[in-house]
Amino acid sequence: MDIIVCVKRVPATDTQVKVAPDGTSLDPAGVEFVLNPYDEFAVEEALKTREAKGGTVTAITLGPAEAQKELRTCLAMGADKAILIKTGDRVHDGYSTAEILVAQIKQLPHDLVFCGRQAVDGDNSQAAPRIAALLGWPCVTDVTELALEGDAYVAHRDIEGGREVVRCPLPAVISTNKGLNEPRYASLKGIMAAKKKPLEEVEAADVAPATAVVSLSLPPARPEGRIVEGGADAVAALVDAIKNEAKVL
Amino acid sequence: MSNHIVVLAEAREGALKKASLETVSAARELASQAGGQVVVVLAGKGLDNAVAELGKSGADRVIAIDSPVLEHYSGDGYCRALVEQVKPLTPTAVLMAHTAMGKDLAPRVAAALETGLASDVTALHVEDGKLGATRPVFAGKAYQKVMADRTPFMATVRPNNFEVGSGDGAAETTTAQPSFGPDELKALVTEVVASASGRVPLQEAQIVVSGGRGLKEPEHFKLVEELAAAFGEGRAAVGASRAVVDAGWRPHREQVGQTGKVVAPTLYIACGISGAIQHLAGMRTARYIVAINKDPEAPIFKVANYGIVGDVFEVLPALTDAVKAASAG
Ligand SMILES: Cc1cc2nc3c(=O)[nH]c(=O)nc-3n(C[C@H](O)[C@H](O)[C@H](O)COP(=O)(O)OP(=O)(O)OC[C@H]3O[C@@H](n4cnc5c(N)ncnc54)[C@H](O)[C@@H]3O)c2cc1C
Ligand SMILES: Nc1ncnc2c1ncn2[C@@H]1O[C@H](COP(=O)(O)O)[C@@H](O)[C@H]1O
């Protein structure tokens, strides 16, 4: 099976957000960038699938030149090949990202596509169903359990108050959630091998985004709280506060 | 082009989701600025009750695609059925709630309508004839305002963020059928497994009581469960930090935070949780935050409305008793 895994370079989750002078984007000064945590599950699942069924794993990203680093991580984990689709000057949204990724996927052999549940920068959670729609394929999102039964996947996903079991025939797009697997670490051997694996750079298809970011701002600070020492008195006062301020009793 | 504002409503087992009513309110608000009718479209089987409720939700029209083909959720099937109805309406905006179904379905509908989508929005805007929205990004560490350059404008609306409307009015209701049969569905839900009964879903609970590594042992989580139960049946849910989920004390579905669930309850009680930035991402929009931690320097106190510097093993039992007494009184 020829498997595509879509990955994104994002700020690490412990980033303190500062707004850049343009007023619409993250100030990248001092920010550490990493492979999107949810994409680690996608890469792992792609590798496991290849190990079981044979085939190839190709990691693709739409991003800046620096995203080579995250692609090398995927190669070091075990992907066979990587493609960097250069973003250029545009700020892409869910619409243009999916269009561009699919234009690239269509130029590759592709039987299965893995994405992460969401990229933790824009928190869009859009790419997987969009890619599926553009390929005319079915999709299961936020998958926490996945098993191949004949020519279909049986996938589990969390919903409000429970879990859905979905039967999904292949070819398909799967977006991966935490809990699905334990992503492997790149071994030293893997890191060495990754240096020799093919990493191609290509231009993005000419698609403009459908939405424009007009501002980025920090949330209003929470009001200063009351912090008291523990003890029985504190509990009585807290219950009063829950009653009179939170108003849930 | 019409100036309809379409709401894609969600019914599970025939029961309308509250978040869909909130989305109708959001659509009404948008219509009051941008003009146009609010048209609700929903797919499923056995939708009479949901349609009746939507009929008095403030919508102008309701289109129910009520068919055995749509008895079980299918991302591709529901998308196709909805788009068959929505496309001819040539709406200016299409809204849906940002639920598990909305997250799966709305991006697919957006792709089919060849347009953008602002996900998980907390406010909608009309400016110079353009539609847009404000939405949390970087796990709520910042807010982004986006404006649409293509039509229709699409957004998924964060639950618990818009008030449900007054519930009068009488919408014109019609039914429709999908143009395809069951053989053409691809991904299909075969089973819905409910979590243990009597438990409120974490994201819908009015109160969330969460525990972290400060509880020391998985068995001590019963202190958290007892406090949650003290608020009365169906009111409070139990949450957890990633540290205790990774340690296997609690299931992943209870994890609150950037790689878990984002909750916005009226009251959030953090017990023995340090307040790492990734945890705060999942709960900082709670209306009232209480923290119990023995370390006065714990970052959780920075977002707390009320904090007790103390030992969870002393504070929690006393608090549970006091809440029980207050609930009974
Ligand atoms: C990519 C990534 C994603 C992440 N996503 C999440 C996420 O979604 N959710 C999440 O929660 N974390 C997440 N984390 C982990 C996060 O960084 C923290 O490690 C985690 O939240 C810590 O959990 P904790 O507060 O229970 O434990 P600790 O940080 O160990 O805190 C325990 C607290 O308990 C207090 N304590 C100890 N004993 C007592 C006592 N007897 N009484 C009262 N207080 C006591 C201590 O003072 C301390 O503050 C993520 C991390 C990464 C790198
Ligand atoms: N620029 C990108 N390049 C490659 N894959 C992406 C990109 N953006 C998003 N994805 C994939 O789509 C998933 C969901 O992203 P998003 O829709 O942005 O939340 C991510 O976890 C990735 O797997």
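Values computed for the structure shown
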read-out	value
Trypsin sites (Lys or Arg not before Pro), loop per DSSP, at most 12 other Cβ atoms within 10 Å - longest free stretch of chain A	A:1-105
About the Cα centre, charge dipole magnitude for the protein assembly as shown (Lys/Arg +1, Asp/Glu -1 at Cβ), debye	640
Rounded accessible area of B:Arg253 (nearest 10 Å², 1.4 Å probe)	110
Percentage, to the nearest whole number, of Cα pairs in segment B:184-307 over 25 Å apart	20
Spin-label model distance (nm) - B:Val193 vs A:Ala20, 7 Å beyond Cα toward Cβ	4.4
Those lysines that a straight Cα-Cα span of less than 23 Å connects to B:Lys294, excepting residues fewer than 8 apart in one chain	B:Lys216, B:Lys222, B:Lys302
With every protein chain in place, chain B: carbon and sulfur % of accessible area (1.4 Å)	48
Spin-label pair A:Glu51/A:Lys247, simplified geometry with 7 Å Cα→Cβ offset, distance in nm	5.5
Residues of the protein assembly as shown: accessible area per residue with a 1.4 Å probe, Å²	40
Cα→Cβ-extended label distance, 7 Å offset, between B:Glu114 and B:Glu217, nm	6.4
Amide H partners (placed H, <5 Å) of B:Ala237, local residues excluded	B:Ile207, B:Val208, B:Val209
List B:Phe138, B:Phe231, ordered by accessible area with a 1.4 Å probe, largest first	B:Phe138, B:Phe231
Buried area at the A-B interface (accessible, heavy atoms, 1.4 Å probe, summed, Å²)	7000
Segment A:147-249: GluC sites (Glu not before Pro) in DSSP coil with no more than 11 other Cβ atoms inside 10 Å	A:Glu224
Considering only chain A, percent of DSSP beta bridges that pair antiparallel, nearest 5	40
Gain on full stretching of the segment that runs from A:Val228 to A:Asp206 - 0.36 nm per residue minus C-alpha separation	2.1 nm
Coil-residue GluC sites (Glu not before Pro) of segment A:1-95, DSSP, other Cβ within 10 Å capped at 14	A:Glu32
Long-range tail of P(r) for the protein assembly as shown (Cα pairs > 38 Å, %)	30
Cα-Cα P(r), chain B, percent of pairs per 20 Å interval	30, 51, 19, 0
Delta accessible area of at least 20 Å² on complex formation, residues of segment B:143-176, 1.4 Å probe, chain isolated as reference	B:Tyr143, B:Gln144, B:Lys145, B:Val146, B:Met147, B:Asp149, B:Arg150
Paramagnetic reach from B:Lys130 in segment A:1-41 [backbone N under 18 Å; point 7 Å along Cα→Cβ]	A:22-25
Local electrostatic count, B:Tyr268, Cβ distance below 10 Å [Lys/Arg +1, Asp/Glu -1]	+2
Other-chain or far-sequence residues with amide H under 5 Å of B:Lys186's (modelled H)	B:Asp76, B:Gly77
Alpha-carbon gyration tensor eigenvalues x 5, square-rooted, for segment A:137-231, Å	36, 27, 23
Carbon/sulfur fraction of accessible area - segment A:123-189, other protein chains in place, 1.4 Å, %	52
DSSP beta bridges in the protein assembly as shown [antiparallel fraction, %, rounded to 5]	35
Above-threshold pairs, the threshold being 31 Å between Cα atoms, out of A:Lys196/B:Lys186; B:Lys87/B:Lys141; A:Lys8/A:Lys189; B:Lys17/B:Lys186; A:Lys178/A:Lys247; A:Lys53/A:Lys189	A:Lys196/B:Lys186; B:Lys87/B:Lys141; A:Lys178/A:Lys247
Student exercise, segment A:119-180 dipole from Lys, Arg, Asp, Glu Cβ charges, in Debye to nearest 20	120
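The values are calculated or read from the model by the stated rules, or taken from the named source; none is laboratory data. Small disclaimer: the values here were computed from a predicted structure and weren't measured. Methodologically, a virtual Cβ is constructed for each residue, glycine included, from the backbone with ideal geometry; neighbour enumeration extends over all protein chains shown. Surface areas here come from the heavy atoms of the whole protein model, side chains and all, with no ligands, DNA or RNA. Shrake-Rupley method; radii C 1.70, N 1.55, O 1.52, S 1.80 Å.
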